[in-house]
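Presented below is the structure to which this report refers.
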Amino acid sequence: MNAKTPNKMAVMPVSKLLINMGTPMILSMILQAVYNIADSAFVANMKDTGADAANALTLVFPAQMLMVAFGIGTGVGMNALVSKSLGQKDSEKAGKAAGNAFFLAGVMSVIFIIFALIGVRPYVMSQASSETSALTLEMSVSYLKICCLCSSGIMIFSIAEKLLQAAGNSLYSTIAQIAGAVVNIILDPIMIYGLLGCPELGVKGAAFATVIGQIVSAGSGLFFHFRINKEIKNSLSYLRPDMKIIKEIYQIGFPAIIAQALMSFMTYGLNILLVKISVPMQTAYGMYYKIQQFVLFAAFGLRDAITPVIAFSHGAGNKSRIRDGIKFGLLYAGTIAAECTAGTFAHIFSMTGETETLFINAMHVISLSFLFAGLNIAFQGIYQALDGGIESLVISLLRQLMIIFPLILLFIHIAEKNPDQKWLVWSAFPITEFLTAIIGAILLKRIYKNKISDLNNHILPEPVQA
């Protein structure tokens, strides 16, 4: 970067910087949710087998989220380390962090290839019941094997995306995301239904469209990183694993992986529990979960802006910008909201009967949790920026394990005795988010006292915008 052009991470007002960086990230994450929904909508409308296909995607979704968890979690740790290193003017360390993150992406891809060969079928069967059709199970296995064998696309993109965000170039990460999403959405109907001379591949076509889109995003992200991220040094030697760098990445990244993986484990656990009530209950939750991503992914996008902004200021020792990052991050996260028409989405997914009713109930009840969920996700971005990986993990454990599952088990017990009260199961979600937000505020107060108050005597001069 030209010495006459100051880094916007250091000079732009924080309120504006979060909007500047957060808007493309939010659009990127929402787009990710769009093509998850597109996959489900296209397969749900397959002639004669749409209901089986929709349930198949519900069963594979937790494993897909686990892949994303490893990629994004590693990227989050690398993002915080790169942003902090750039704030400290250490471009070589930033380059080593980037190189080691790409090495880790390769290792994770190999792990999921092994899972594709030996673990996919047992995983799918573990979520089945006597009501689950053999066709649903075979569709699940076929779809997930393709996604795992080609997992390198999502892994590499996760690193390239976070590198662009770490250097304040989130617009380019969004462009890369859009490129993959557009390719995926265009290929979905062509490969699923057999259009334009392509053979009719059904659910396999949805899987191929997904991984091709991920590969396009990865290639675009790499291109932009090497062309735009001039502050970050690139060298083949940085791909050599450095255990000190890897340890620093995973001091933040491992809790982030666990936090993301808990989303996968929660959905997997709920698939197992909800199928005990009925297959329509399981399918309704799977479809709802993809819809709620519009809101939650928007919060994740804002979180991904909060982390590098605060981490950069932390590395520079600038207390006032850290304080502004926390204040405006929580303010913006708390105002993220979305209005969805449940009936419209039910028709998009071709739902009927009990599945449609349960889906609409889920939309109405669980959506009450969005305000508190946005705050909880913002808390995690703040913690990660301030080397508070453990605090971030605590929030995830509360939201997706320690509070939610006891409540779900309680309400399932009630629903089994009173089938007309199945909707009560959904109320576990807003209760969980509210309780977690209270604990999150307490943790924020503690981490601020421990990590930021000590900067009182180390405040750098406020940067003057040119």
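The values are calculated or read from the model by the stated rules, or taken from the named source; none is laboratory data. Since the model is a prediction, treat every value here as computed from it, not as a measurement. Virtual Cβ from ideal backbone geometry, glycine too; neighbours counted across all protein chains shown.
Summary table below
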read-out	value
Residue that is nearest to residue 278 (Cα to Cα) [pool: residues in the range 126-161 that are of a type in the set (Gly, Ala, Ser) and part of a helix (DSSP H, G or I)]	134
Given (1) surrounded by fewer than 23 Cβ atoms within 10 Å (Cβ to Cβ); (2) polar (S, T, N, Q); (3) under 17 Å from the mean Cα position of the chain (by Cα), number of the condition residue 367 does not satisfy	(3)
Hits in the range 9-26 - residues which are part of a helix (DSSP H, G or I) and surrounded by fewer than 17 Cβ atoms within 10 Å (Cβ to Cβ)	11, 15, 16, 19, 23
Test: residue in the range 95-108 that is of a type in the set (D, E, K, R), part of a helix (DSSP H, G or I) and buried (at least 23 other Cβ atoms within 10 Å of the Cβ)	yes
Every residue from the range 77-92 that is surrounded by fewer than 20 Cβ atoms within 10 Å (Cβ to Cβ) and either of a type in the set (Lys, Arg) or under 21 Å from residue 258 (Cβ atoms) (or both)	89
Hits in the range 304-325 - residues which are under 20 Å from the mean Cα position of the chain (by Cα) and either acidic (Asp, Glu) or surrounded by fewer than 24 Cβ atoms within 10 Å (Cβ to Cβ) (or both)	304
Test: residue in the range 138-145 that is modelled with pLDDT of 95 or more and basic (Lys, Arg)	yes
Yes/no for residue 405 being aromatic (Phe, Trp, Tyr), modelled with pLDDT of 75 or more and surrounded by fewer than 24 Cβ atoms within 10 Å (Cβ to Cβ)	yes
Flag for residue 208 being hydrophobic (A, V, I, L, M, F, W, C), closer than 28 Å to residue 402 by Cβ, in contact (Cβ under 8 Å) with a residue 12 or more places away in the chain and out of contact with any His (no Cβ under 9 Å at 6 or more places or on another chain)	no
Qualifying position, being in contact with a Cys (Cβ under 6 Å, 6 or more places away or on another chain), of a type outside the set (S, T, N, Q) and over 15 Å from residue 213 (Cα atoms), among 116, 166, 105	116
Among (1) under 22 Å from residue 76 (Cβ atoms); (2) of a type outside the set (D, E, K, R); (3) at pLDDT 80 or above; (4) out of contact with any His (no Cβ under 8 Å at 6 or more places or on another chain) - the single one residue 411 does not satisfy	(1)
The range 315-354: number of residues that are assigned to a loop (DSSP other than H, G, I, E, B) and either modelled with pLDDT under 60 or not hydrophobic (A, V, I, L, M, F, W, C) (or both)	10
Out of 222, 270, 236, sole residue that is modelled with pLDDT of 90 or more and hydrophobic (A, V, I, L, M, F, W, C)	222
Residue that is modelled with the highest pLDDT [pool: residues in the range 162-201 that are buried (at least 17 other Cβ atoms within 10 Å of the Cβ), in contact with a helix residue (DSSP H, G or I) (Cβ under 6 Å, 6 or more places away or on another chain) and not in a helix (DSSP H, G or I)]	201
